[in-house]
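Peer 1: The following block contains the structure, expressed as structure tokens.
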Amino acid sequence: MKEVYLYFNNADTNGQIDTAHDVYCVPVSRFRGMTNVGTGRNELVLMFEPIEGPIELASNAYPADVSDTVTLTVAQDSAPTVIKALIAAFNAGPHATGDVITIADDANGVYFNSNITGVATVVQAAAAA
């Protein structure tokens with residue numbers, strides 16, 4: 001089944017991928033939500049169901065409530081504007097196109113919204129052993 005995917009590239013401007021998870025691509029259907037970080041006024045964290053599958057806690061057999069996260073840097077105090085723009089794009093149809101929406105591509109200087117200035121971090125949850 002075709003889905004819309006979100007693309008994030010945290011590689012250096014020279015295009016070198018030199019850290020794990022510099023490039024992250026995830027179906028919109030795995031999106032959980034987004035929030036600002038602490039009292040910072042220029043970061044926005046997007047949370048997704050882990051792309052490597054359910055995570056299990058060592059102490060029991062229940063999946064841990066963890067997320068893959070992408071932290072975007074945004075213009076100061078622009079998080080609400082970016083959130084609204086992203087939600088509008090996620091909800092725009094048609095949904096089964098197989099398209100890719102570039103949210104932030106640091107290597108090529110391409111950003112979905114003019115208030116997005118980069119990818120600060122990508123953290124992918126580890127798969128259950």
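Peer 1: Do we have any residue at all in the stretch 52-67 that's out of contact with any Pro (no Cβ under 6 Å at 6 or more places or on another chain) and at pLDDT 90 or above?
Peer 2: no
Peer 1: Quick test of your reading of the structure: D12 fulfils all but one of (1) at pLDDT below 75; (2) surrounded by 12 or more Cβ atoms within 10 Å (Cβ to Cβ); (3) under 17 Å from the mean Cα position of the chain (by Cα). Name the failing condition by number.
Peer 2: (3)
The values are calculated or read from the model by the stated rules, or taken from the named source; none is laboratory data. Being a predicted model, the structure only gives us computed values, none of them experimental. Don't worry about glycine lacking a Cβ; one is built from the backbone with ideal geometry, like all the others, and counts go over all protein chains shown.
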